[in-house]
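S.K.: Here it is: the structure, laid out below.
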Amino acid sequence: MPLGAYLILAALLFAIGLFGVLTRRNAVGILLGIELMLNAVNINLVAFGRFHADLSGMIFALFTIAITVAEVAVGLAIVIVIFRVRRTIEADHLDLLRG
Amino acid sequence: MTAEALGFAAVAVVLLASSLGVVLTPNLFHAVLYLAVALVATGVVFLLLDAPFLFGVQLLLYAGGVVTIVVFAIMLTERLVGASIRQASRYLVNGALVSAAVFVGVVGFLVQMAPTGPRPAWSGDLTAAVGRALVGAFAVPFELLGVLLVIALVGALYFARSEG
């Protein structure tokens, strides 16, 4: 398959993830959408690295995977703390900082 | 149709269908299961791109780790049975419009750029090359990544610790 096929697949995945981030009410659902978008980025990194015969793309993908895992851990910890304080994780109800 | 094209088409269908499931299913727990399928399918895309090591990392970290902690978070914040786990979506039309616009923008750029060229041959063991690069040219970012992981996990523990 040509490089373009992988890039279009990643773009579709990114658009679907963005749709999830924009439309989900639940904070965990928003995090799932972010996961999809980061996966699309990883596909792009690996595809470009492979088609340019350059190892850096795969190393970058490894780094983003590790950082994503850290991000999910911190994000879910924040979600749990918010749930303890507010008893909800509906993003629309989290307006503690509204002036 | 070559075997690679057939495999790509199959994994693309599975990947897109399961990611649509992630963003559209009303049950949050089902969304996580769809996410697991999507993450494994992404790993298969890495396999198609001759990166078996990344496939392994994807399975262990994402499909193993991320899905597990998301399930735990759902169990802590929702009841797994009953109505509370159902979630509605909002701004469906606006979200679809924005996502479609982003997709059209990216594809328009791709059409302009027209990435072509055959896939260059890859000689040697890729996993060994990745390992050498991680302790060679990328040694400092690799160590920094280790520090970042420790900081993030300690921070997450601090946030989520029980009171008192």
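The values are calculated or read from the model by the stated rules, or taken from the named source; none is laboratory data. A quick note: this is a predicted structure, and the numbers were derived from the prediction, not measured. Because the Cβ atoms are built from the backbone with ideal geometry, glycine has one as well, and the counts that use them run over all protein chains shown. When the accessible area is computed, the model is the full protein with side chains, heavy atoms only, and any ligands, DNA or RNA have been set aside. Shrake-Rupley method; radii C 1.70, N 1.55, O 1.52, S 1.80 Å.
S.K.: Between B:ALA139 and B:VAL102, what is the label-point separation in nm under the 7 Å Cα-to-beta-carbon projection?
M.R.: Label-label distance for B:VAL102 and B:ALA139, simple model: 3.9 nm.
S.K.: Give the calculated FRET efficiency between B:SER123 and B:ALA17 to the nearest 0.05, with a Förster radius of 35 Å applied to their Cβ-Cβ distance.
M.R.: Approximately 0.45, to the nearest 0.05.
S.K.: How big is chain A along each principal axis, measuring the range of its Cα positions in Å and listing the largest first?
M.R.: Here the Cα extents, ordered largest to smallest, are 50, 23, 21 Å.
S.K.: Report the longest stretch of chain B that contains none of the chymotrypsin sites (Phe, Trp or Tyr not before Pro) sitting in a DSSP loop with at most 15 other Cβ atoms within 10 Å.
M.R.: On the way: sites that count: B:TYR91, B:TRP122.
Looking at chain B, B:1-90 is the longest stretch - no exposed chymotrypsin sites (Phe, Trp or Tyr not before Pro) with at most 15 other Cβ atoms within 10 Å.
S.K.: Now a separate question. For the Cα atoms of chain A, what angle does the longest principal axis make with the long axis of helix A:56-86, in degrees from 0 to 90, nearest 10?
M.R.: 10
S.K.: If you don't mind, there's one more thing I want to ask. With a 1.4 Å probe, what is the total accessible area buried between chains B and A, in Å² rounded to the nearest 100?
M.R.: Roughly 6600 Å² of accessible surface disappears when B and A pair.
S.K.: B:VAL147 to B:PHE109: extension gain in nm, 0.36 nm per residue of separation minus the Cα-Cα distance?
M.R.: This chain segment gains 10.0 nm when fully extended.
S.K.: Using only Cα atoms, find the angle between the long axis of helix A:3-23 and the longest principal axis of chain A, and express it within 0 to 90 degrees, rounded to the nearest 10.
M.R.: Relative to chain A, helix A:3-23 is tipped by roughly 0 degrees.
S.K.: Below 8 Å between Cα atoms, with a sequence gap of 6+, how large is the relative contact order for region B:1-114 in percent?
M.R.: For region B:1-114, the relative contact order is 23 percent.
S.K.: Now for a separate question. Please give me the summed charge of the neighbours of B:ALA96: other residues whose Cβ is under 14 Å from its Cβ, Lys and Arg +1, Asp and Glu -1.
M.R.: Combined, the nearby Lys, Arg, Asp and Glu give +2.
S.K.: Hey, what's chain B come to in accessible area per residue, 1.4 Å probe, Å²? Before the final figure, lay out each step's value.
M.R.: Working: 9230 Å² over 164 residues.
Ligands and nucleic acids excluded, the figure is 56 Å² per residue.
S.K.: Further, regarding this structure: Could you tell me how many degrees, from 0 to 90 and to the nearest 10, lie between the Cα long axis of helix A:27-51 and the main elongation axis, the longest principal axis, of the Cα atoms of chain A?
M.R.: Tilt relative to chain A: about 10 degrees.
S.K.: At a temperature of 10 °C and a viscosity of 1.306 mPa s, determine how fast the protein assembly as shown diffuses translationally according to Stokes-Einstein, using the Kirkwood radius over alpha-carbon pairs as Rh; express D in µm²/s, rounded to the nearest whole number.
M.R.: The diffusion coefficient I find is 82 µm²/s.
S.K.: Kindly provide the pair-distance distribution of region B:34-158 built from C-alpha pairs, with 10 Å bins from 0 and whole-percent values in order of increasing distance.
M.R.: In order of increasing distance, the bins hold 10, 19, 32, 28, 11, 1 percent.
S.K.: Would you be so kind as to identify all helices of chain B, as entire DSSP H runs, whose Cα atoms reach 18 Å or more along the helix's own axis and whose mean Kyte-Doolittle hydropathy is at least -1.0?
M.R.: Details: long enough: B:3-24 (31 Å, 2.17); B:28-48 (30 Å, 2.43); B:92-113 (31 Å, 2.03); B:139-160 (32 Å, 2.26).
Passing helices, by number: B:3-24, B:28-48, B:92-113, B:139-160.
S.K.: For region B:1-78, how big is the tail of P(r) above 20 Å, as a whole percent of Cα pairs?
M.R.: Of the Cα pairs, 36 percent sit more than 20 Å apart.
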